[in-house]
1. What nm distance separates the two modelled labels at residue 187 and residue 156, each placed 7 Å from Cα along Cα→Cβ?
2. Shape of the stretch 39-186 from its Cα gyration tensor (a ≥ b ≥ c, root eigenvalues): rounded if a/c is under 1.5, otherwise prolate when a/b > b/c, or oblate?
3. Among rounded, prolate and oblate, which fits the stretch 142-190 when a ≥ b ≥ c are the square roots of the eigenvalues of its C-alpha gyration tensor, a/c under 1.5 means rounded, and a/b larger than b/c means prolate?
4. Quick one: if you stick a label point 7 Å off each Cα along the C-beta vector at residue 73 and residue 164, how many nm between them?
5. Under a crude label model (7 Å from the Cα following the beta-carbon direction), how far is residue 148 from residue 112 in nanometres?
6. Mind ranking 80-88, 170-178, 99-107 by how tightly packed they are, going by the mean number of other C-beta atoms within 10 angstrom, highest first?
């Protein structure tokens, strides 16, 4: 598992993708949920958008989402994670897609949707290779707290059942669940989309 529930360790740190469809200027991102109040990262997102740096925007939004979640603003966190997931899915960067699933799982745990959290943690874990399951701080600490919250709420057996169900989900179904959940929290009462790039999630073609 990604965090505390994993005897094998967590998952690996995010790294810039070389699979983005268009090579674009990258603006360095050194912020984190424990080292910044988010102001610098918000400015960085503006600069990255101006530079057309889709990867940088995605990475910065993921950090802002974790920071918002830690501060109790789950609506803002969900919106940030939903937008962050799109470029990762487009790039088929599965390590970072898994990170996005875990990010949304943290939100689910925080709003006491513990079964959804466990499913998404399981889906994230399954998307990673065995050698990619040791995430670095600060994300690891956030994921561990999220897993612990969900496990405590559900009980160990129910948590593992939901985690296993999430692990068995096809990629596109796991992503659809994450986006639909994030949409529900970010835009209560609005029509939910079923994928980060539109109304339908489809496996990107090989290439």
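Rule-based calculations on the coordinates, nothing more; no lab input. Source: prediction; values computed, not measured. Here the Cβ is made from the backbone with ideal geometry for all residues, glycine too, and neighbour counts use every protein chain on show.
1. 4.2 nm
2. Details: a/c = 1.83, a/b = 1.46, b/c = 1.25.
Note, shape of the stretch 39-186 comes out prolate.
3. oblate
4. 4.0 nm
5. Placing both labels 7 Å beyond Cα along the Cβ direction yields 2.0 nm.
6. On the way: 80-88: 25.7, 170-178: 20.3, 99-107: 31.1.
Order by mean packing, descending: 99-107, 80-88, 170-178.
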